[in-house]
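Let me begin by presenting the structure, written as structure tokens, before commenting on it.
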Amino acid sequence: MLFQKQNTPRWLIFIIDMFICACAILLAYLLRFNFEIPEKYLETLPKLAAFMLLVKGIGFLISKVYAGIIRYTGTQDVIRIFIVNSFISLVYILTNITSFKFSGQLLYIPYSIIIIDFIASTLAMTTFRILVKITYLELTTTSGLKNKVIIFGAGETGLMAKRALDRDLGIKYKIIAFIDENPVKQRKKLEGSDIYGFDKLEELITQQQIDQVIIAVPKLKQDKKNRIVEACLKNNTKVLSVPPVSRWINGELSFHQLKKVRIDELLGREEIIIDDVNISKDINKKIVMITGAAGSIGGELVRQVSKYKPTKILLLDQAETPLYNLELELLEVFQSIHYEIILCDITNSVRLEKIFTKHSPDIIFHAAAYKHVPMMENNPAEAVFTNVGGTKIIADLAAKHRVEKFIMISTDKAVNPTSVMGASKRLAEIYTQSLNQTSPTRFITTRFGNVLGSNGSVIPLFTKQIENGGPVTITHPDVTRYFMTIPEACQLVLEAFTIGKGGEIFLFDMGKSIKIIDLAKKMIQLSGLELGKDIQIVFSGLRPGEKLYEELLNDQENTIETPHPQILIAKVREYDYNEIKHHIEEIISINSMSNRFEVIKKIKKIIPEYVSKNSLFEQLDTIDD
């Protein structure tokens, strides 16, 4: 009955507890008197035992110590038994004092009996529950069906992960081993499981046919995490990781909180070290404006800037719902920061003038832009209108209102552009950099590649396609991209903001270029699916304006080092401000007349390295002027 699927009745547990306590009382007397109870104690035993059981029964009823589900017994249940029995023993002691004073030792219980009874009843009640739990587990989980698990990390987090599995009895598992890099721990045991070194991981996965590896090291180095995942994927082993302690529910880890390792966790680099002191000095008590604040980069900039306690942050975006969602998040997380939510398009010069006049921002992070290459190739007027015209409006207002620093978020697609989007961002770079020559505002540009999980990234697309059962679509088998996580990119933007003097184009260390097909394959494996069997990859062909590979520098550029090892300064061609202002105003004027070929033709004259690919505008590259 104890091991059926339904819970054991409470009254039965209460009776068993009382029986255990009766045995504990008898055992206490036997141990106290070496199994030869003197006659005078034997005569009072029934009366005292009845009284002790009555107190215990009342204590159990009040505390409901019998109410827990036995097969889910945990630390809290053991603590409750200890506390209840402690109070019951305290009642016995108070009874002794009262009895000795008023009734001539009528209900006097020897103190040695109280101590032995406390120890015996507490141990017996706890042991009973643990035995039931273990027996239930063994009877309901046949060894052949158990998931074989390795926990990477034999520290506190690893132990918590094991205990989370212990509590979650609906999961059929068996801890095969712990892996730990600390040689002191190796060749020892942790709660019955052997601890091995990192070099034994792949051998154990292969020999023991491990089903799951749980990463339980809070700050595991990136290369180690990648090696673990590669070993697991090679053997079709699932990889889970323990979330940060801050995300545990009520300070306790459950099995269901263990999460699959995401692709962005594998493509990130070692922790980026930034100069928090100087960043704080530059942002603290300043008014900061962030355009495109509801986007992936803009939103993360808002979160990171908030940590430095500016006087106010102006969140400017034209996307209503994402801006509203960001506001709700910030009100919950950063309640002490003053946010001004501004629904506005960056091409609305009249409204922007009023915003600048009212709020007088000190710092601007300009992240607002159209980013989708094929979309902009088919809608070049909008790319020029927003990415060029909108940036010019914001930059001119920054100069007019004497903003301290203006940081423009650019892209590697601006280098040797093959698309309208890339060319429009390069024009924005050129304009803000040339404006720096005549303005009190320091204009700084940051240039980096694809950001994992951003609105323009392939990661959300692949994730959705995998969830829907495929196929996963890739434009070309040889296409490669640089990748960086959103937090990494924003950290480097803040560092560049601090070290920038004005006029620089900062490049970020993007690591190695990654083949998109390899990225897709790894994402499929991490999802527990098999390529070619559960899901397919299909090639759709390069889209308009798309490159096979991206660059961070054009052929005419080289770099200068900065104090930060992951940030470089691009040595680029400089343009005369008055000349470039005239050209850009002319482009905006032509654009307003919807003459897209004339607009692109004019842009190609300003940016001679702009050569269209897979685009309607390729014909302009063959025209001999």
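The values are calculated or read from the model by the stated rules, or taken from the named source; none is laboratory data. Everything quoted here is computed from the prediction, not taken from an experiment. With ideal geometry, Cβ positions are generated from the backbone for all residues, glycine too; neighbour counts draw on all protein chains shown. What goes into the accessible areas is simple: the full protein's heavy atoms, side chains included, and nothing from ligands, DNA or RNA. Shrake-Rupley method; radii C 1.70, N 1.55, O 1.52, S 1.80 Å.
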Work out how much length residue 262 to residue 437 would gain on full extension: take 0.36 nm times their residue separation and subtract the Cα-Cα distance, in nm to one decimal. 58.6 nm
What FRET efficiency, computed as 1/(1 + (r/R0)^6) with R0 = 51 Å and r the Cβ-Cβ distance, is obtained for residue 37 and residue 147, rounded to the nearest 0.05? 0.45
Over the chain, what is the relative contact order in percent, taking alpha-carbon pairs closer than 8 angstrom and at least six residues apart? 9 percent
Kindly work out what percent of the DSSP beta bridges joining two residues of the chain are antiparallel, to the nearest 5. 20 percent
Estimated FRET transfer efficiency when R0 is 25 angstrom, pair residue 76-residue 27 (beta carbons, to 0.05): 0.40
Excluding residue 564 itself, calculate the net charge of residues whose Cβ lies under 11 Å from the Cβ of residue 564, where each Lys or Arg counts +1 and each Asp or Glu counts -1. -4
Return one number: the angle in degrees, 0 to 90 and rounded to the nearest 10, between the long axis of the Cα atoms of helix 10-32 and the longest principal axis of the Cα atoms of the chain. 60 degrees
Estimated distance in nm for a label pair at residue 404 and residue 62, the labels positioned 7 Å out from Cα along Cα-to-Cβ: 6.3 nm
Just check the stretch 325-376 against the gyration tensor rule for me: Cα atoms, a ≥ b ≥ c as the square roots of the eigenvalues, rounded for a/c under 1.5, and otherwise prolate or oblate depending on whether a/b exceeds b/c. oblate
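Magnitude of the Cβ-charge dipole of the chain, K/R +1 and D/E -1, about the Cα centre, nearest 20 debye?
Roughly 2120 debye, rounded to the nearest 20.
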To the nearest 10 degrees, the tilt of helix 75-102 (Cα long axis) against the first principal axis of the alpha carbons of the chain is 40 degrees
log10 I(q)/I(0) for the stretch 430-481, Debye formula on C-alpha points only (no solvent), q = 0.16 Å⁻¹, two decimals, reads -0.65
First check a/c for the stretch 496-625, with a ≥ b ≥ c the square roots of the eigenvalues of its C-alpha gyration tensor; if it is under 1.5, answer rounded, and if not, answer prolate when a/b is larger than b/c or oblate otherwise. oblate
Can you tell me which of 331-340, 301-310, 611-620 comes out highest on packing, and rank the rest after it, using the mean Cβ neighbours within 10 Å? 301-310, 611-620, 331-340
According to a simple spin-label model (label point 7 Å from Cα along Cα-to-Cβ), what is the distance in nm between residue 303 and residue 187? 4.5 nm
Which value in nm describes the separation of the simple spin-label points at residue 112 and residue 540, placed 7 Å from the Cα toward the beta carbon? 8.5 nm
What do you get for the angle between helix 391-400 and the principal long axis of the chain? Use alpha-carbon atoms, 0 to 90 degrees, nearest ten. 90 degrees
Ordering 397-404, 386-393, 364-371, 149-156 by per-residue average of other C-beta atoms within 10 angstrom, highest first, gives 364-371, 386-393, 149-156, 397-404
Given the peptides 311-322, 412-423, 189-200, arrange them by the average over their residues of other C-beta atoms within 10 Å, most packed first. 412-423, 311-322, 189-200
Taking square-rooted eigenvalues a ≥ b ≥ c of the alpha carbon gyration tensor, is the stretch 296-405 rounded, prolate or oblate, where a/c under 1.5 means rounded and, failing that, a/b exceeding b/c means prolate? oblate
Between residue 278 and residue 338, what is the FRET efficiency for a Förster distance of 25 Å, r being their Cβ-Cβ separation, to the nearest 0.05? 0.60
Per the helix-only model, the chain has a calculated mean residue ellipticity at 222 nm (DSSP H runs of ≥4, -39500 (n - 2.57) each, divided over all residues, rounded to the nearest 500) of -14500 deg cm²/dmol
Check the straight Cα-Cα distances from residue 281 and name the aspartates and glutamates below 16 Å, setting aside those fewer than 8 residues away within the same chain. 362, 404, 495
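Can you check what the net charge comes to around residue 331, using other residues whose Cβ is under 14 Å from the Cβ of residue 331 (Lys, Arg +1; Asp, Glu -1)?
-3
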Specify which labelled value, from (i) 1.85; (ii) 0.98; (iii) 1.36, agrees with Cα Rg over 2.2 N^0.38 Å derived from the coordinates of the model shown. (iii)
So, with a 1.4 angstrom probe, what is the percent of accessible area on the chain that is carbon and sulfur? 55 percent
Taking the alpha-carbon distance from residue 56 and a cut-off under 25 Å, which lysines remain once sequence neighbours fewer than 8 residues away in the same chain are dropped? 40, 47, 64, 101, 133
